[in-house]
Amino acid sequence: MTIIRTALTQTTWTGDEESMVAKHEEFVRKAAAEGAQIICFQELFHGPYFGIVQDNKYYDYAQKVPGP
């Protein structure tokens, strides 16, 4: 039997995309060091969670395809 180690991330919004990406990069480093082969980020990890409302002010968090 093959064992695949996974890691799941969940954190609070820090206030800006750059610090959220940096925070998740640290999660990746730690998870990889502990043997994770698959890492799953939370939905909307680089911005605030706005999935329960429909408001134009959140449209700026969308990224174009193909993205960065």
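Computed from the coordinates by the stated procedures, all read-outs in this text should not be read as laboratory data. Because the structure is predicted, anything quoted here is derived from the model rather than measured. For neighbour counting, all protein chains shown are included, and Cβ atoms are generated from backbone atoms with ideal geometry for every residue, glycine included.
Among V65, V53, V28, sorting on how many other beta-carbon atoms sit within 10 Å of each Cβ, with the fewest leading, yields V65, V53, V28.
Of the Cα atoms belonging to the range 6-49, the radius of gyration and Dmax stand at 10.3, 30 Å. Normalised by the number of residues in the chain, the mean separation of alpha-carbon contacts (under 8 Å, six or more apart) gives a relative contact order of 40 percent.
As a rough footprinting exposure proxy, the listed residues E17, E25 were ranked by other beta carbons within 10 Å of their own, and the order from fewest upward is E25, E17. The dipole here belongs to the chain: it is taken about the Cα centre, uses +1 on the Cβ of Lys and Arg and -1 on the Cβ of Asp and Glu, and is about 240 debye.
Look at M1, M20 and count the other Cβ atoms within 10 Å of each Cβ; fewest to most, that gives M1, M20.
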